[in-house]
Each structure stands twice: as structure tokens, then as C-alpha cells.
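Worksheet: the structure to be examined is printed underneath.
Readers should treat all values here as calculations from the given coordinates under stated rules, not as data from a laboratory. Owing to the predicted nature of the structure, the values given are computational and were not obtained by experimental measurement. Every residue, glycine among them, receives a Cβ derived from its backbone with ideal geometry; neighbour counts consider all protein chains shown.
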Amino acid sequence: MYLLFTEFYKMNELQQRFSDFLKKLLAKAEELTNEVKMTIQETYDSDADAYKRNFFNFKNGIEGQYKGIIQKAEDVFESQIKPKYLMTFEQSLQSSMQKKKEEFEWFVDLLENWKMKVEKFEELAFKDLKEKSVADDLNEILAEYEKVKDKFFCKNCGGKLELKEYYFISTYITCPFCKTQNIFNPSTKMRELELTVRDLAEEKASDLEKNYETINSAGYFSAKEIFFAYFIYRATVYLEQIAIVPVFTETNKKIFFKELNDFVLYEFELENLASNKRLYEEILEYFSEVQQKANLENRKMKNLAIEYFEKIGNGKISDFEKYISELKKDYY
């Protein structure tokens with residue numbers, strides 16, 4: 001009887017000590033959450049870096065503190081609770097085994113429920129943060145450009161200089177009045193326009209990227225279907241970019257065509273799609289077929305496809321006009 005009472009007392013004491021320990025750690029998690037909520041927005045807004053690297057270093061540090069709190073509890077459980085019960089299981093008679101398991105499960109449940117509370121505090125710490133979207137960054141850049149371009153004057157005669165396009169690198173602008181060369185220096189934020197536009201375009205084409213990745217990794221789609229999915233994805237990115245900033249049209253078109261050629265080299269191990277006449281014809285025929293089904297009804301995208309196939313196939317593929325003429329037909 002005395003032995004049973006002693007075991008019960010020890011069990012009750014261990015439960016109380018572990019429970020109190022978890023409560024103290026939970027209080028630390030709550031305190032950390034309150035501190036973060038007070039400073040996180042200011043920390044985010046004050047980070048002038050385009051990629052918010054300082055902020056994300058700060059955030060990673062906070063997340064590490066929550067992980068550290070959980071780790072402390074798990075270390076105590078592993079070193080002081082679990083060994084006691086593993087040893088007890090080995091020594092217990094079958095009749096008392098079930099009770100020991102129930103006691104152990106009580107500690108496991110307590111720890112798991114406590115971890116959920118800590119994770120909830122971590123979630124609350126970042127919940128109210130208002131992060132800028134790529135679109136927000138773009139609007140800020142364009143708004144800044146509109147202000148700057150109206151205040152750009154010749155350093156020699158004071159004449160107002162017109163910026164006819166967006167310059168995201170330092171550029172010489174000739175004064176139409178006195179012919180003086182003036183340097184237009186875009187701000188750091190304005191220099192980020194190209195990257196910001198690309199990020200926004202990639203964001204808008206994310207579903208097409210997932211579709212391409214699914215098709216490419218499935219293992220049963222043909223080469224023409226894989227190429228078509230990649231073309232639609234990258235063409236959409238390109239068209240989104242030039243819709244926002246038309247000055248990027250020719251530069252980004254070269255980049256887009258290079259992406260296609262690199263894809264052909266990597267995916268099909270061909271220096272040029274036209275170097276495999278059969279594959280070139282299959283892909284071109286497939287483009288013609290899908291446009292009849294209105295899957296390629298975007299005229300800009302269709303014209304982009306025509307230009308690409310003409311660029312790589314004209315003069316290299318026999319019966320070139322026969323194949324390209326089908327793609328040029330209008331079915332809608």
C-alpha cells in the first residue's frame with residue numbers, strides 16, 4: 001500500500017513539475033509574440049532593400065526563438081520523462097503495464113497540446129504584418145518615375161528635358177535647345193524596375209508554370225506537348241512584361257527566344273529545333289492544331305510563335321512555307 005502511494009505521489013509530482021515548466025515556457029512565447037507584434041511592421045517598412053533581406057533575417061531570428069522554446073521542452077521530455085517510462089515498461093508486470101502507458105500518454109498529449117499553443121503564438125506574431133506585393137512595388141516605382149521626369153532640366157540652359165521612355169540605367173539625354181549632354185540617373189528603386197516587372201509577370205504566369213512542370217514530369221506527354229506547355233508559360237511572362245513596360249519589348253523578346261533555344265538544348269539535346277526536321281514539323285503542326293481549337297487564340301502569342309518558328313526554320317526546313325502557312329491561318 002505504501003509503495004503504491006509513493007508511486008502515485010512521484011507520478012503526481014512529476015506531472016506537476018513538467019506542467020509548470022511548460023507554462024513558464026509558454027509565458028516566454030507569449031511575451032515574445034507581444035514584443036514582435038509591436039515592432040514587426042516598423043522593421044519591415046524601414047528595410048529599404050528591394051528583397052527585404054534585413055527583415056527576413058530578423059524574421060528568421062524570431063522563428064528560431066520559437067523553435068528554441070519548443071526544443072527546450074522536447075529536450076526535457078526526452079531526457080527526464082521518456083527514459084523513466086521506457087525503463088518502467090521493461091520492469092512492470094503485465095497487469096500494471098496499461099496504467100504506465102496511460103501515464104506516459106498523458107505526458108505526450110500535454111507536450112503536443114502545448115506545442116500547438118506555442119505555434120499559435122508564432123502565427124499571431126506575424127499575422128498583422130502587411131507586406132507589399134510585387135504590384136505595390138511596381139506602382140511605387142512608376143509613381144516615382146512620373147515625379148522625376150517632370151523635374152528634369154538641362155544643367156546648362158535650364159530647358160525642360162523630355163524623357164521619351166523609361167530609363168532604368170544612367171543615360172545621356174541631349175538638350176534640344178543647347179545640345180548639352182545631360183545625364184539622367186534613375187534612383188535605386190527605379191533601377192529595380194526590370195526585376196520588379198519580371199517578378200510580377202512570373203507571379204501572373206504561376207499557374208501556367210505549374211501546368212508545364214506537371215506535363216514535363218508526368219512521363220507520358222510527347223515532346224511537342226511539353227514544348228507547347230513551356231512556350232505558353234514563357235510567352236505569357238514575356239507578354240505580361242511588355243504590357244507593363246513596352247520599352248522592354250525587343251530586349252525581352254531576345255531573352256524569350258534564347259529561353260526557348262536553351263530549353264530545346266536541355267530538354268531535347270538539340271543545338272536548334274530546326275536541326276531535327278521531324279520534331280520541328282511535329283511541333284509546328286501541333287501549334288496549328290491547337291490554335292484551331294482556340295487554345296492559341298491570343299493573337300500576340302500566335303504572332304510570337306510565328307516569328308520564332310520563322311526565325312529558326314526559314315531556309316533550314318524544306319517545305320517551310322507549307323508548315324508555317326497553316327499556323328498563320330485564322331480560325332476565329
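Summary table below
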| read-out | value |
| --- | --- |
| Fully extended contour minus Cα-Cα distance, from residue 322 to residue 165, at 0.36 nm per residue | 52.5 nm |
| Pair residue 207, residue 189: separation of 7 Å Cα→Cβ label points (nm) | 3.2 nm |
| For residue 173, residues with placed amide H under 5 Å, excluding near neighbours | 182, 183, 184 |
| Angle in degrees between helix 2-46 and the longest Cα principal axis of the chain, rounded to the nearest 10 | 30 degrees |
| Most fluctuating residue given options 86, 279, 138, as computed from a GNM of the chain linking Cα atoms under 10 Å | 86 |
| Rounded Å value of the spacing that divides the Cα centres of segment 116-133 and segment 240-308 | 43 Å |
| Cα-based helix-to-principal-axis angle, 53-76 vs the chain, degrees rounded to 10 | 20 degrees |
| Rg [Å, one decimal], Dmax [Å, integer] - segment 185-269, C-alpha atoms | 14.6, 52 |
| Mean ellipticity per residue at 222 nm, deg cm²/dmol - from DSSP H runs of n ≥ 4 across the chain, formula -39500 (n - 2.57) | -24500 deg cm²/dmol |
| Gain in span if fully extended, residue 60 to residue 136, counting 0.36 nm per residue against the direct Cα distance | 25.0 nm |
| Viscosity 1.306 mPa s, 10 °C: Kirkwood-radius Stokes-Einstein D of the chain over Cα pairs, µm²/s | 60 µm²/s |
| Greater than 24 Å apart at Cα, pairs in 224/277; 254/316; 258/329; 149/253; 300/328; 24/101 | 258/329; 149/253; 24/101 |
| Most mobile listed residue (76, 118, 247) in the chain, GNM with C-alpha springs under 10 Å | 76 |
| Crossing angle, helix 94-127 versus the chain [Cα axis fit, 0-90 degrees, rounded to tens] | 40 degrees |
| Qualifying aspartates and glutamates (Cα of each under 12 Å from Cα of residue 37; at least 8 residues distant if same chain) | 122, 123, 128 |
